[in-house]
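The values are calculated or read from the model by the stated rules, or taken from the named source; none is laboratory data. Note that this is a predicted model, so its numbers are computed, not measured. In this analysis, Cβ positions are derived from the backbone assuming ideal geometry, glycine residues included, and neighbour counts consider all displayed protein chains. For accessibility, only protein heavy atoms count, side chains too; no ligands or nucleic acids. Shrake-Rupley method; radii C 1.70, N 1.55, O 1.52, S 1.80 Å.
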Amino acid sequence: MARDLSAPAWAAQLTITTSMLGLAGGQLVAGPISDALGRRRPLLAGLAAYTATSVLCALAPNVWMLLVLRLAQGCAGAAGIVIARAVVRDLHEGVEAARVFAMLMLVGGLAPILAPILGGQLLHVTDWRGIFVVLGAIGAALLIAAWWLLAETLQERHRHRGGLVATVHVFGGLVRDRHFMGYVLSAGLTFAAMATYISGSPFVLQDIHGVSPQVFSLLFAVNAGGIMLASQLSRKLVVRHGPRRLLDAGMAQGALGGAGVLVSVVAGLGLGGLLPSLFVMVSSIGLVLPNSAALALADHPRTAGSASALLGLAQFAIGAIAAPLAGVGGSHTALPMAIVMAVLPAAGLACLFALAGPTRPRARSRRRTARAP
């Protein structure tokens, strides 16, 4: 991309940063809009914009235009992320919501496995512009599927109106909700630890420990499979134990895995200590994200879009800050990555208990399902 656009490498790398910024900031827009107008129309608009901007990215004449388009593409794609969670909250609550969120984690687990493989194969037959054309085609397919299959889930009487002032008021109320912020920060800090792993593990495993690219891809797939396995265990166990107990377990698992990574690096235990610790830490995402989402949105049915936006913003924003820290010592030391991966889950566990308090009684997690008429 840099060579084709006659751009410096740092400018090409910024295309990822701008996309992530769009994914984070776009949720703050799409969430409140979906609370006011319903879920269906904003989602269709977001998918249409994502399709259009993806195609325009393929036609970008220079890197600066591409940066603008990637920001817009991220903003448009954010609608799918934030509204999907809000739709689940419209239709389900409590244990049932946690089960559905766990099912959605299958997508999150499959994406890290399939995306590099499919992207690498596409580059055998096309270039970076072709990748954006394929993204546009995927967006178009999602647009057609949403238009055909998704009915409106937020009825008129439940919509939250009032414009910008009301939106600011809603966000202020959410931020002041201790329980909500406990779930948001626990999820955001754990997600940021995974972002640090994604950012730092290629250098640590390949440059320091001499793992080949093929073996690294396999290890990456194994850890992604751990996320899928944990999310499906969550779906099975949440009926018996409730989302809060599983969230506690996931946060403790993440903190234990992060501590294991740090000990492995400091003590020089090599891959024998590092790989199991990474698996434990990364797979905890499958427990943390679905249950934290279910708990965070449980008490905010009328403003689920806004609540979902803050939940997503915390994950992307904290992740964007934490991920670069893995490389502050260069590509020949694993210590920065290990420190970040140890601190973040532990901080998330502390936030969970400090803000949301101890585990709620099991009765609060009784299975309930509320379907929109």
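Placing unit charges on the Cβ atoms only, positive for Lys and Arg and negative for Asp and Glu, gives the range 1-100 a dipole magnitude near 80 debye about its Cα centre. Each Lys and Arg adds +1 at its Cβ and each Asp and Glu adds -1 at its Cβ; summed about the Cα centre, the chain shows a dipole of about 1380 debye. Given their separation in residues at 0.36 nm each and the Cα-Cα distance between them, LEU104 and HIS332 gain 78.4 nm when the chain is fully extended. Per atom type, the chain shows carbon and sulfur on 72% of its accessible surface, probed at 1.4 Å. Over the range 73-117, accessible surface divided per residue gives 33 Å², non-protein components excluded, 1.4 Å probe.
Shape call for the range 228-338 from the C-alpha gyration tensor, a ≥ b ≥ c root eigenvalues: rounded (a/c under 1.5), prolate (a/b greater than b/c) or oblate? Taking the square roots of the gyration eigenvalues as a ≥ b ≥ c, the range 228-338 is oblate. Sparsely packed loop sites in the range 1-89 (the trypsin sites (Lys or Arg not before Pro) outside DSSP H, G, I, E and B with at most 13 other Cβ atoms within 10 Å) comprise ARG3. Across the range 280-333 the C-alpha pair distances fall into 10 Å bins from zero in the proportions 20, 38, 27, 11, 3 percent.
Here's the picture: charge each Lys and Arg Cβ at +1 and each Asp and Glu Cβ at -1 in the range 197-309, and of GLY257, ILE285, ALA267 the one pushed furthest to the positive end of that dipole is ILE285. Mind checking which of VAL95, VAL168, VAL55 has the largest fluctuation in a GNM of the chain, springs on alpha carbons under 10 Å? In the Gaussian network model the winner is VAL168.
If a/c stays under 1.5 just call it rounded; otherwise compare a/b with b/c (prolate if a/b is bigger, oblate if not). Do that for the range 9-73, with a ≥ b ≥ c from the square roots of the Cα gyration tensor eigenvalues. Oblate.
Extension gain for the segment ALA111 to VAL222, taken as residue separation times 0.36 nm less the Cα-Cα distance, is 38.7 nm to one decimal.
Treating r as the C-beta distance of HIS158 and HIS179 and R0 as 25 Å, the FRET efficiency rounds to 0.70.
In the full protein context, the range 209-306 carries 38 Å² of accessible surface per residue, based on a 1.4 Å probe and ignoring ligands, DNA and RNA. Estimated from helical segments only, the mean residue ellipticity of the chain at 222 nm is -26500 deg cm²/dmol, where each DSSP H run of four or more residues counts as -39500 (n - 2.57). Comparing LEU311, ALA7, ALA193 along the charge dipole axis of the chain, the residue lying farthest to the positive side is LEU311, per the Cβ-charge model.
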